Amino acid sequence: MAESSPREPSAGGLSRRGFLTTVGAAAGVLTLATVGATVGPLSHLSPLATRRATSGPQNLPVNKSGRAARVEETAVDPAYKLVVGGLSLSLFELQSLPQHTEVLPITCVEGWSAVGRWTGVRLRDLLDRAGVGQDRWVRVESLEQAGIYRTSEVSPTYARDPLTLLALRLGGEPLALDHGYPCRLIAPNRPGVLQTKWVHRIVTL
Amino acid sequence: MRRLLYGAGAVLVVWGLYGLFTATRHPRPVPWLQFFVGAVAVHDLVVAPAVIVIGVLLARLVTARFRPYVISGLFISGVVLLVGLPLVMGKGLRSDNPSIQPLDYTRGLIITLAIVWAGVALAMLISVSRRKNTSPR
């Protein structure tokens, strides 16, 4: 047989084609084994995914918990107020404003995404109520005391988009503490870390 | 020419070290050093010897005809283990956030490796049947 002859170049080793096929197969196997963390319908195909679209409180994964953000007390304080410019709104007053429901994903830069059905107040309605100009940037601030993503800046394009909400509810229930109770930002096409949770102040820039 | 290259390299090294201590507000050179030296040490002391030993065993135990398939399988398994072992060991788990790494990764790793080796076995079978079909000519 030719393959045992010493002149056969690929005897016992990987040929160039074999090597390239192997690298491609390794990339394919790893992709399939982890893709479920970001493509929900494939989660059952992916036994090594670091997240599952339906794990976590209210069937949505969490990146930073309320405990890690150290907001366990401030977020559930009955004296909570959302300050928007000169406005100061209690949770009850926020709930009394016109509510809208949107289906929007959390898309984490760490490589997972999951979709939620969010209900809350449109950011542009709040800004109008507070008299913030159409073309102003705003900064959304969290109750979180430390961390580089404690605040996020929202451009007029995002702030005025009808899909951009200050969500009070997820899947019909009040937000879980880990999802940003009492109130979080959720906007389309925005990295998860900029969907600020535990919002307590909106400042015009 | 050589001195020029040494000089350019030295400038880059100094620039890197400068960045290590100034790029963030709280520089942490020790974890960097662990990674920088550790990665090389793990490669030279663990990965390379393991590959050599496995290569010797392969040459003794597996016929030349099937060796490329086994090499492919081991290569893919190594990449899968690189991703899967930290998950099996629970690296990155947090007690306050059960949504991180919610699956049974021991099971996941076994399933993934089983599929890889089933693929290797299938490729071997196909090659055997092809040889049988072509050799009588």
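FYI, it's all coordinate maths here, none of it is from the lab. All values reported here derive from a predicted model rather than from experimental measurement. Neighbour counts run over all protein chains shown; Cβ positions are idealised from the backbone, glycine included.
Miscellaneous remarks
- Based on alpha-carbon atoms, the Kirkwood radius and the radius of gyration of the stretch B:64-137 give Rg/Rh equal to 1.24.
- Proximal lysines to B:K132, defined as alpha-carbon separation beneath 21 angstrom and excluding residues fewer than eight positions away on the same chain: none
- Nearest-ten-degree value, helix A:16-34 long axis tilted from longest Cα axis of chain A: 30 degrees
- Charge dipole magnitude, Cβ of K and R +1, D and E -1 - chain A, Cα centre, debye nearest 20: 220 debye
- Top positive-direction residue, dipole computed over the stretch B:64-137 with Cβ charges, set B:S127, B:T112, B:S72: B:S127
- Only DSSP H runs of four or more residues enter the estimate; each adds -39500 (n - 2.57), and after division by the residues of chain A the mean residue ellipticity at 222 nm equals -5000 deg cm²/dmol.
- Calculated FRET efficiency, B:T63 to B:A114, Cβ-Cβ distance, R0 = 22 Å: about 0.40 to the nearest 0.05.
- With θ taken as phi - 60° and the Karplus curve 6.51 cos²θ - 1.76 cosθ + 1.60 applied, the whole-hertz 3J(HN,Hα) list for the stretch A:88-101 is 9, 10, 6, 4, 4, 5, 4, 5, 7, 6, x, 9, 10, 10 Hz, x standing for glycine and proline.
- Taking all pairs of distinct alpha-carbon atoms in the protein assembly as shown, Kirkwood radius in angstrom: 24.6 Å
- Residues whose amide H falls under 5 Å from that of A:R201, counting only those 5 or more places apart or on a different chain, are A:V83, A:E141, with hydrogens built in the peptide plane.
- Note, ³J(HN,Hα) from phi for the stretch A:162-174, Karplus 6.51, -1.76, 1.60, rounded to Hz, x at Gly and Pro: x, 7, 6, 10, 9, 7, 10, 9, 10, x, x, 9, x
- Inter-label distance, B:D44 to B:L93: 3.5 nm, where each label sits 7 Å from its Cα along the C-beta direction.
- Computed Kirkwood radius, in angstrom, where 1/r is averaged over Cα pairs of the stretch A:81-205: 14.2 Å
- For the stretch A:20-151: rounded, prolate or oblate by the Cα gyration tensor [a/c cutoff 1.5]: prolate
- Sorted peptide list for B:20-30, A:23-33, criterion being average Cβ within 10 angstrom, highest first: A:23-33, B:20-30
- Sorted largest first, the spans of the alpha carbon positions of the stretch B:1-61 along the three principal axes are 53, 38, 11 Å.
- GNM result for chain B, Cα springs below 10 Å: residue of B:L103, B:L17, B:L82 fluctuating most strongly: B:L17
- Sequence-distant lysines (8 or more away, or on other chains) whose Cα lies within less than 23 Å of A:K197: A:K64, A:K81
- A Gaussian network model of chain B, with springs between Cα atoms under 10 Å, assigns the largest mean-square fluctuation among B:G119, B:G92, B:G73 to B:G92.
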